[in-house]
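The values are calculated or read from the model by the stated rules, or taken from the named source; none is laboratory data. What you see is a predicted model, and the numbers here were worked out from it, not measured in a lab. FYI the Cβ positions are ideal-geometry reconstructions off the backbone, even for glycines, and counts take in every protein chain you see.
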Amino acid sequence: MLIKTDPAISRLLALRSGAIALQLVAVLSVYFLLEHQIPLLPLLSVITAEAVFQLLSVFAYRNVSQAKSIGMVMQLSADVLFLTLLLSLSGGATNAFVSLLLLPIMIAAVTLSEKGLAFIGVLAIAAYSFLLIIMPDHNMHIMNMSNHFIGMWVNFVLSATVIAFVIGAMNRSLKERERTIASVREKQLRNEQLVTLDGAAAQIAHQLATPIANLHLLYEELLEEEPDNPIIKQMHTPLAQCRSQLHDFRELSAQLRENNQAQPMSAKQLHQDISDTMVLQFPHQQVKWLTTPSNTWVRGDAMLLPAILNLLQNAAIANQKNAQSQLDLTWQLAPAGDGLYLLIRDYGKGFSAEQLTALGGQLMASEQGMGLAVLLSNVTFERLNGSLTLYNHIDGGAVAQIKLAIVPEKI
């Protein structure tokens, strides 16, 4: 019944089920076998109320895969309350099982945040204090036991404090280590994908060089034979683009092999390069700069401009599919002054929920070819101490928010 339940809540409910059974057995054994005079009916009433609360909790959390923190706080608070009622009816602070009030604190230390842990800790200490206050006076004065019970209360407070700090700190450390390991594993898998892609891209570029060169020779021969043929003349532009792209790729590869260190780049020069490239590659798209960059320098390398152009290309494709032709680009300084934002907004149909979750972190199939381009761009920005954030604009379309690290002119 608890298979689909949040693991933390599921374990707590399982523990409470066992505790209810043990409480019932203990109460009946003490009353009937040991013949101790305890208030049987009130104790059974509390256990019954706890059992009803347990059934309601199981029903409420039967299909909850991720429970809210407030729910866990309420569950542990109920445990403290029921245990306090049972103890108050069976000796209060003199009951040998009063230390069970430490259990909710232990569970809170490994499942709740600092605020939730502090609340449960204070609640448990208040419960113990209540049991000590309501204890009959004759129990405090028999054999001068008052100092002993007060000492037990002090010991409980110290134990609760140590448990909260030590177990809480250990739990936070383990969670941080798990997040670090998961992040490193994700980056390693992504780097393996990029190495594979890099090898495949280099091999394809090498294999394309010879066919493109042959096509260019054939074009020149055809042009000599039929210089006035308009179809042959039209071949010049695509062939020139292929040769130019192949040449740029080789130069970029050589530059990365020789010097792959980050260098300061002028934001104004980057602004101009983006404008010039968009005019050449996407003349049908109108690039509208809403702001211009200040006289700042950003961390960059040979891959920065191609990474930005990948996103601009995706934005242009999204516009085309939605019969739009305007791209809005905006420069913004980060609030802390440690970065410069470049916002690219298109007027396409926006991202789906699945794309927003996966884009930039893994390869994914896409009719627009966005998965690979965004992945490569995201890796480039992260390497340069930047970041990439994708979201849908409130008025339609999508926004790619690029954060670039600001650096002095000399790194």
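Any idea which residue in segment 378-411 is nearest to A336 (Cα to Cα), counting only those that are among the β-branched types (V, I, T) and not in a helix (DSSP H, G or I)? Here the answer is I406. Exactly one residue among R185, R190 is among the basic types (K, R), in contact with a helix residue (DSSP H, G or I) (Cβ under 8 Å, 6 or more places away or on another chain), part of a helix (DSSP H, G or I) and modelled with pLDDT under 85, and that residue is R190.
Condition check for V374 on (1) of a type outside the set (S, T, N, Q); (2) modelled with pLDDT under 80; (3) in a loop (DSSP other than H, G, I, E, B): one failure, at (3).
Could you tell me whether V298 is in contact (Cβ under 8 Å) with a residue 60 or more places away in the chain and not assigned by TED's automatic domain parsing to the domain that holds A240? In short, yes.
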